[in-house]
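Please see the structure below; I have some questions.
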Ligand SMILES: Cc1cc2nc3c(=O)[nH]c(=O)nc-3n(C[C@H](O)[C@H](O)[C@H](O)COP(=O)(O)O)c2cc1C
């Protein structure tokens with residue numbers, strides 16, 4: 001027996017990532033679960049940000065960001081990153097996360113994340129509550145420990161964080 005529920009995307013679990021925008025000198029971080037791989041040649045990701053996020057303007061101005069795949073050890077930092085705004089909070093100072101320069105984009109990388117993806121914005125699509133940013137992947141960094149003998153990323157070695165609605169919720173009005 002199935003019950004008819006209100007429309008919702010209900011695609012769980014999904015990846016939970018730390019997005020860094022801005023620059024090494026003036027960075028900002030946010031937590032994102034509305035993110036997916038959407039094309040291969042060239043590799044592209046799509047990420048959806050709710051209107052009003054401070055990061056939205058930084059991404060639109062800079063045209064670049066990094067996607068950093070955290071491990072469960074970063075869950076409390078993610079909670080802070082995803083519930084405070086860069087408008088009034090220095091999230092790098094508050095979390096103590098070390099940032100390192102990217103190879104091709106101005107936005108830096110979260111050093112503690114074993115995988116970092118450098119992205120350059122190509123399209124912006126208005127989805128009413130959210131803007132969908134489509135971006136080309138221009139570089140990937142991976143810790144040696146997550147690579148197999150062929151030098152490919154083996155996700156079983158990454159212990160990536162996934163988002164289930166029950167853990168921490170995206171708060172619409174932050
Ligand atoms: C688990 C989790 C997932 C989130 N996913 C998204 C998301 O996909 N898109 C979004 O716009 N905000 C998302 N958020 C909310 C932002 O991370 C949050 O509003 C953050 O404070 C925005 O920071 P900013 O104002 O400095 O840009 C999420 C928050 C959490 C805790």
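Quick note: the coordinates plus some simple rules give every number you see, no bench work behind them. All figures in this text were calculated on a predicted structure; none of them were measured in a lab. Note: ideal-geometry Cβ built from the backbone for every residue, glycine included; neighbour counts use all protein chains shown.
Tell me, in nm to one decimal, what length is gained between residue 139 and residue 85 on full extension, where the rule is 0.36 nm per residue of separation less the Cα-Cα distance?
16.7 nm
Let me ask another. For the chain, what is the calculated [θ] at 222 nm in deg cm²/dmol (nearest 500), taking -39500 (n - 2.57) for each run of four or more DSSP H residues and dividing by its residue count?
One gets -3000 deg cm²/dmol as the mean residue ellipticity at 222 nm.
Also, quick follow-up: Quickly work out the residue 5-to-residue 157 label distance, labels modelled 7 Å from Cα along the C-beta direction, and quote it in nm with one decimal.
My value for the distance between the label points is 3.6 nm.
Once you treat every alpha carbon in the chain as an equal point and sum by Debye, what is log10 I(q)/I(0) at q = 0.16, 0.19, 0.20 Å⁻¹?
So the normalised log intensities work out to -0.96, -1.38, -1.54.
What is the percent of Cα-Cα separations in region 86-130 that go past 17 Å?
54
Follow-up question, since we're still on this one. Please work out how much length the chain gains when fully extended from residue 38 to residue 122, using 0.36 nm per residue of separation minus the C-alpha to C-alpha distance, in nm with one decimal.
Result for the pair: 29.0 nm of gain on full extension.
Next question, about the same structure. How do 156, 53, 94 line up, fewest other C-beta atoms within 10 Å first?
By the 10 Å Cβ count, ascending, the order reads 156, 94, 53.
Looking at region 1-90, what % of the alpha carbon pairs are farther apart than 15 Å?
65
Right, here's the next one. Ranked highest first by average number of other Cβ atoms within 10 Å, how do 42-48, 12-18 line up?
Final packing ranking: 12-18, 42-48.
Still on this model: Taking the beta-carbon count within 10 Å as an exposure proxy, list 89, 122 from fewest neighbours to most.
The most exposed by this proxy come first: 122, 89.
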